[in-house]
Amino acid sequence: MRSFSTPCLASSGEVNRRKRDKVHPMSLTRVSFVAGEAGDWAVERITTLRGQDLASARALRRIEAAELVVPSGAAWALHGVRSNERYLERAEKERLAAAQPGLGRADSLLGALIPIRKSDAWWNLAQDERRAIFEARSRHIAVGEEYLPAIARRLYHCRDLGEPFDFLTWFEFAESDAGAFDELLGRLRATEEWSFVDREIEIRVRR
């Protein structure tokens, strides 16, 4: 593997890297989800809910680092950055920070990666219009809070990286909470917000 920081004079990869670093300073943590033959998580199934498929793979790695990783021989790789939450109000941010568990808990043997892309209709809305759909009407934050701390979640942004998805959401949870996780997904997908989703893949994994 190599990172995007590998010197390459005047190459298109270097130009793209500079653009990405200009948008996302080095202080932000990058993530690379690399699917292939080996990894920390065994892939149990890949389900396409909307849009184009992803290739099948046996395993998945989640690599958080200062640079994005360019894999060799991978089935696919998705990249994102940890950034500020776009639609949170202060009280919501503080409640989530207090209740949100960290990743890597010993009993969290199951995981899920859900990449999502929203339609142009969503991005053509103003910020306050998106917030109204996201929380006032769809209650995305309030619904998610009901499943804390059982289900750990980490959101990555990738729209500005030129990636095929806008968001990558990673979840970890215990086998005893698998039903609750399915319920959470069902409730979110029934909201007005999800009518703006035009590509969604669900990758279920086991540690």
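Pairing each residue of the stretch 21-43 that is under 18 Å from Tyr156 (Cα atoms) and at pLDDT 90 or above with any residue that is in a strand (DSSP E or B) and among the aromatic types (Phe, Trp, Tyr), provided the two are 6+ apart or on different chains, yields C-beta distances under 9 Å for Arg30/Tyr156; Val31/Tyr156; Val31/Trp170; Phe33/Trp76; Phe33/Tyr156; Phe33/Trp170; Val34/Trp76; Ala35/Trp76.
Identify the residue in the stretch 64-83 that is of a type outside the set (A, V, I, L, M) and either crowded, with 20+ Cβ neighbours inside 10 Å or free of Cβ contacts under 8 Å to residues at least 40 places away in the same chain (or both) and, among all such residues, is farthest from Arg30 (Cα to Cα). Only one residue tops the list, namely Gly73. Considering only residues of the stretch 153-204 that are closer than 24 Å to Ser83 by Cα and among the hydroxyl-bearing types (Ser, Thr, Tyr), which is surrounded by the fewest Cβ atoms within 10 Å (Cβ to Cβ)? The selected residue is Thr169.
One residue stands out among those in the stretch 100-126 that are touching a residue at least 40 places away in the same chain (Cβ under 8 Å) and surrounded by fewer than 11 Cβ atoms within 10 Å (Cβ to Cβ): the one that is nearest to Ala59 (Cα to Cα), which is Gly104.
Matching residues to (1) modelled with pLDDT of 95 or more; (2) more than 23 Å from Ala65 (Cα to Cα); (3) among the hydrophobic types (A, V, I, L, M, F, W, C); (4) touching a strand residue (DSSP E or B) at 6+ places or on another chain (Cβ under 9 Å):
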| residue | (1), (2), (3), (4) |
| --- | --- |
| Arg159 | no, no, no, yes |
| Phe181 | yes, yes, yes, yes |
| Val197 | yes, yes, yes, yes |
| Arg207 | yes, no, no, yes |
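Each residue in the stretch 52-63 was checked for being in contact (Cβ under 8 Å) with a residue 24 or more places away in the chain, of a type outside the set (Lys, Arg) and under 22 Å from Glu172 (Cβ atoms), and 4 pass.
When each of Leu109, Leu185, Leu113, Leu161 is tested for being of a type in the set (A, V, I, L, M, F, W, C) and farther than 24 Å from Val43 by Cα, the lone residue that passes is Leu161.
Taking the criterion of being hydroxyl-bearing (Ser, Thr, Tyr) and surrounded by fewer than 16 Cβ atoms within 10 Å (Cβ to Cβ), the residues of the stretch 30-63 that qualify are Thr47, Thr48, Ser56. Just to be sure before I move on: is Pro115 in a loop (DSSP other than H, G, I, E, B) and of a type outside the set (A, V, I, L, M, F, W, C) in the structure I sent? The answer is no for Pro115.
The values are calculated or read from the model by the stated rules, or taken from the named source; none is laboratory data. None of these values were measured; they are calculated from a predicted model. Positions of Cβ are backbone-derived with ideal geometry, glycine not excepted, and every protein chain shown enters the neighbour counts.
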